[in-house]
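Report on the following structure.
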Amino acid sequence: MRVLVTSSRNPFALDIVRKLATTGSTVVASDTFDGAVGSHSKYLLAHEVTASPTFDTDAFTADVVRIVEHYELDTIIPTFEEAFYLSARRADLPSHVRLYTGEFTQLAHLHDKNSFQRIAKAADVPVPETIIATDDASLRAATERYPHWFARAAFSRGGVALLTNTGPIAAQSDIADVHPTREQPWLVQPFVSGPMVCTYSTVIDGRVTSHATYRAIEQWENSTAVGFESIDSTVTFEYVQRIVGQLGNYSGQLSFDFVDHDGGLLGIECNPRTTNGVTLMTAEHFATAVSTPGSGPFVVEPGVRTEISAAVLAEAFAQPLRHMPTSVRELLTVPDLGKGWHDGGAMLWAPAALVHGLRLGRGQHEKALAALGEDIVWDGGPIEGTTPEQQRMLAELHAEGE
């Protein structure tokens, strides 16, 4: 394959670059700023800077077309929420190029947490009881229904846009600062105790070709996972294949979050894109799984571990002193995702991503992490250049939450 990997700022995008390049593909990376870590791998043919898909979709689409044509690429693998924009503008891409993500309607219904709940129920995948809030009053009424509750925006990701009155992040947000609308609803659920279980899968033509189930062994500020260990996939593989069966002829990446509650898994949300589970796969399995219909399924065996060592070290110094021995033990025993690649120069650009987040967060340090993806996210709003059919679909999707 001759591949464009977009949104190369994330370590998992860097991992994809390495895995594809070392298994025979020619790889170009792109992002909205030059300092993205995945854009500085030694395994790249080249890297490019594009406009923001969120803030200037037309220019972003034109940039992607230019890159594909200039380097004679045949495949695009989005790694973050630029997938929504590329899928919505699929007709504007060169006709020969393969965009490895779902159709826009599929992606929108998976990303909307209310719609995802309906898909999961239809697939006989257990989910928590859920109330939809579309204004301040309904949000407060929903939270008053449960002694312990958890709320999140219908279109959210990565520990951003969350509210709860229980657990370590209870004091991090105030309900007075949240204002749901019909277009941007919030979901309120009873707080479900138990460890988070995550999955990452690749799918071609409605069939799962690779799959990883994993848990976080280290988290950044009780939210974003930075250390990972694979666990048994028996239940999650069945659940994911059932959900895929509800989508029609889906091709692309899928990631799910479950909570292990009282010995059973409850489906929480879907991110139809890359997540850190890809780092647990072998290069050969991943490259085959995204390129070859009928391959696999390749399922990651339990006990594979990896981490982003720089992030674990930073988190160790941010935590109380009693947490330090655990972090040090993980640094000494868990392989860094860069181990064996001899590509250390790429992660030296990690501070550039934080600077980019600070710029997007308008210099406010506490908002830098949340803002890091602000220029490549999709929160369910209109997309420049969409068709009337796509616009009607979005309107109907928002109406379903009322």
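The values are calculated or read from the model by the stated rules, or taken from the named source; none is laboratory data. Given the structure is predicted, the values throughout are model-derived calculations rather than measurements. FYI the Cβ positions are ideal-geometry reconstructions off the backbone, even for glycines, and counts take in every protein chain you see.
In this structure, does Thr61 turn out to be surrounded by 22 or more Cβ atoms within 10 Å (Cβ to Cβ) and either touching a Lys or Arg at 6+ places or on another chain (Cβ under 7 Å) or free of Cβ contacts under 8 Å to residues at least 24 places away in the same chain (or both)? Criteria met by Thr61. In region 169-184, the residues that are surrounded by 15 or more Cβ atoms within 10 Å (Cβ to Cβ) and modelled with pLDDT of 80 or more reach residues that are of a type in the set (Val, Ile, Thr) and assigned to a loop (DSSP other than H, G, I, E, B) with C-beta atoms within less than 8 angstrom, at least six apart or across chains, in these pairs: Pro180/Thr134.
Tell me, yes or no, whether region 106-118 has at least one residue that is outside the structural domain of Leu348 (by TED's automatic domain parsing) and among the acidic types (Asp, Glu). Yes: one or more hits. Within region 33-49, being crowded, with 24+ Cβ neighbours inside 10 Å and either assigned to a loop (DSSP other than H, G, I, E, B) or in contact with a Gly (Cβ under 9 Å, 6 or more places away or on another chain) (or both) holds for Ala36, Ser41. Filtered by the rule that a residue be surrounded by fewer than 17 Cβ atoms within 10 Å (Cβ to Cβ) and either assigned to a loop (DSSP other than H, G, I, E, B) or not assigned by TED's automatic domain parsing to the domain that holds Asp205 (or both), region 247-273 gives Gly248, Asn249, Asp262, Gly263.
Scanning region 375-399 for residues that are at pLDDT below 90 and surrounded by fewer than 14 Cβ atoms within 10 Å (Cβ to Cβ) yields one hit, Ala399.
Residue count for region 151-206, restricted to those that are part of a loop (DSSP other than H, G, I, E, B) and of a type in the set (Ser, Thr, Tyr): 5. Scanning region 193-227 for residues that are modelled with pLDDT of 90 or more, crowded, with 17+ Cβ neighbours inside 10 Å and of a type in the set (A, V, I, L, M) returns Val197, Val203, Ile204, Val208, Ala212. The helices (runs of 4 or more DSSP H) found entirely in region 274-374 that carry 2 or more residues being at pLDDT 65 or above and out of contact with any Lys or Arg (no Cβ under 9 Å at 6 or more places or on another chain) are 283-291, 350-360. Screening Ser115, Ser138 for residues that are hydroxyl-bearing (Ser, Thr, Tyr), over 23 Å from Gly194 (Cα atoms), in contact with a strand residue (DSSP E or B) (Cβ under 9 Å, 6 or more places away or on another chain) and not in a loop (DSSP other than H, G, I, E, B) leaves exactly one candidate, Ser138.
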